[in-house]
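The values are calculated or read from the model by the stated rules, or taken from the named source; none is laboratory data. As the structure is a prediction and not an experimental result, all values here were calculated from the model. FYI the Cβ positions are ideal-geometry reconstructions off the backbone, even for glycines, and counts take in every protein chain you see. Side chains are part of the model used for accessible areas, which takes the heavy atoms of the whole protein and leaves out ligands, DNA and RNA. Shrake-Rupley method; radii C 1.70, N 1.55, O 1.52, S 1.80 Å.
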Amino acid sequence: MNSVNPAARLHYLKAMGIQQWVRRSLPVLDAEELPTETITPPSVNTANLQTHLQSLRQGLRNNDKPTVIQKEIPAIVETNALNFIDREVQVLANLDWIALEHRVTACTACRLHQSRTQTVFGAGNQQADWLLIGEAPGADEDLQGEPFVGKAGQLLTQILTALQLPRTQVYIANVLKCRPPDNRNPAPDELACCTPFLDRQIALIQPKIIIALGAFAAQHLLNTNKPIGELRGKQHSYAKTGIPLIATYHPAYLLRSPSQKTKVWNDFQVACQIFANLQP
């Protein structure tokens with residue numbers, strides 16, 4: 001990691017509203033909370049992608065939606081989503097970064113393409129050890145085509161800077177590549193259509209650790225309905241890859257609830273300790 005001027009670092013910490021964030025050693029966790037040996041994430045192959053999407057397909061067929069989604073999905077939309085992900089899993093497995101981004105940009109598989117300004121593919125180091133995943137683009141991201149560029153993104157940048165982990169060293173993406181109107185939660189068919197894109201990004205990056213930002217991203221990546229309060233503070237693994245995953249609150253939530261910033265800092269400290277233990 002690049003060194004950061006101590007004065008600048010304290011400035012960022014102060015801007016985040018947590019004065020006690022001073023440079024210190026990482027917290028010592030119980031042995032069972034941390035991996036005891038290096039995890040080498042395998043490539044995510046087609047079989048893994050199909051396994052990861054199985055619950056999404058089944059949910060669409062059974063009309064099994066998150067409780068926050070009230071409207072029924074028309075049968076034709078379900079069929080289109082199912083057909084799309086069946087095709088995409090096979091096609092995307094062989095795409096490189098350029099071809100994958102072109103495919104995302106041209107995607108019209110769900111209704112979100114009708115209201116987007118542009119797609120938000122992701123940004124950062126394509127060989128990053130750290131992958132941060134949020135829910136979906138917001139208004140600023142939709143306009144600029146970059147993830148986490150609004151006020152929440154600025155706060156995320158401050159957190160990463162305080163960790164001596166510049167944004168240029170990580171990769172940042174969202175579960176959805178298009179903004180849902182009025183920032184509503186993603187619908188199941190939208191989620192199903194975008195998941196193959198995210199899975200291919202993960203396969204190309206092969207990160208050593210994943211940070212799920214917010215309840216929706218964490219629940220989707222871990223295939224669970226547990227609240228974010230139960231998911232944070234402990235180590236998980238992403239699908240069958242063995243990649244460590246840490247869930248934490250979304251920066252946008254911290255803007256509304258500044259008192260929770262310390263919890264997010266602690267979550268990132270746990271992630272740092274896990275990452276340190278992964279090094280040979």
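When the stretch 169-186 is filtered for residues that are out of contact with any helix residue (DSSP H, G or I) (no Cβ under 6 Å at 6 or more places or on another chain) and open to solvent by 10 Å² or more (accessible area, probe 1.4 Å), the ones remaining, listed by number, are GLN169, PRO181, ASP182, ASN183, ARG184, ASN185.
For the stretch 221-240, taking the residues that are open to solvent by 10 Å² or more (accessible area, probe 1.4 Å) and in contact (Cβ under 8 Å) with a residue 60 or more places away in the chain, the one that is farthest from PHE275 (Cα to Cα) is identified as ASN225.
Test LEU131 against the criterion of being without any contact (Cβ under 8 Å) to a residue 12 or more places away in the chain and within 16 Å of the chain's Cα centre (by Cα), and give yes or no. In short, no. Output the residues belonging to the stretch 177-206 that are more than 12 Å from the chain's Cα centre (by Cα) and assigned to a loop (DSSP other than H, G, I, E, B). Within the stretch 177-206, CYS178, ARG179, PRO180, ARG184, ASN185, PRO186, ALA187, GLN206 qualify.
In the condition set (1) buried (at least 22 other Cβ atoms within 10 Å of the Cβ); (2) on the phi > 0 side of the Ramachandran plot, GLN206 is compliant with all but (1). For the stretch 241-280, residues that are of a type in the set (S, T, N, Q) and open to solvent by less than 40 Å² (accessible area, probe 1.4 Å) total 6. Can you tell me how many residues in the stretch 120-163 are surrounded by 22 or more Cβ atoms within 10 Å (Cβ to Cβ) and assigned to a loop (DSSP other than H, G, I, E, B)? Of the residues in the stretch 120-163, 8 are surrounded by 22 or more Cβ atoms within 10 Å (Cβ to Cβ) and assigned to a loop (DSSP other than H, G, I, E, B). Of all residue pairs spaced 6 or more apart or on separate chains, those with beta-carbon atoms under 7 Å, a first member in the stretch 249-267 that is closer than 17 Å to LYS151 by Cα and a second member that is surrounded by fewer than 19 Cβ atoms within 10 Å (Cβ to Cβ) and of a type in the set (Lys, Arg) are TYR249/LYS263; LEU255/LYS151. Could we say that ALA109 is modelled with pLDDT under 95, small (Gly, Ala, Ser) and over 22 Å from ALA218 (Cα atoms) here? Taking the combined requirement at face value, the residue satisfies it.
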